[in-house]
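Structure, as structure tokens:
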Amino acid sequence: MTNHVARLYALAGAILVFLLAWAVVAVAHPWQAPAKAAPNDPRLAQLAQREQRLRHEQVRVQRIVERRWARYHKALAARKKEIAAANARQRAALAAPPSISAAAPAVRVVTLPPLTSTQSS
């Protein structure tokens, strides 16, 4: 196909076919459920009951999780407070000069007699 005009016509035809197919699909709405679904289907009723049970259970579980989360945050705050107090005590202990009465005892050097064994095996 060396004729450029024929190529343009083929391209225009392909675009036209694509747009027409797109319009047909858009008008048909294949993604929507058919309007004549059976309203008395027992499976739908069971599904609705199950959904209601799951929603109720989800609310219960969410309450439990929120209570546990609050308790965790309270314990975490107390723990952080303890850690901050311990760090403050440690900084204060390191910053204070050592007192004479709290000084470490002097080291005593003791000489012991040599350990000898007189028994032979």
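May I ask you to compute the full-extension gain from N87 to L44, defined as 0.36 nm times their residue separation minus their alpha-carbon distance, rounded to one decimal in nm? Write down the numbers at each step before the final one.
Values: separation 43, 0.36 × 43 = 15.48 nm, distance 6.21 nm.
This chain segment gains 9.3 nm when fully extended.
Suppose the chain between H4 and V25 were pulled fully straight at 0.36 nm per residue; how much longer would it get relative to their current alpha carbon spacing?
Fully extending the segment from H4 to V25 adds 4.4 nm.
How much length, in nm to one decimal, is gained on full extension between W69 and E51, taken as 0.36 nm per residue of separation minus their Cα-Cα distance?
Net length gain for the segment: 3.9 nm.
Write out the trypsin sites (Lys or Arg not before Pro) in the stretch 1-95 meeting two conditions: DSSP loop, and at most 14 other Cβ atoms within 10 Å of their Cβ.
K36
A short reminder: the numbers here are calculations on the coordinates, not readings from a lab. The structure displayed is predicted, hence computed values, not measured ones. Virtual Cβ from ideal backbone geometry, glycine too; neighbours counted across all protein chains shown.
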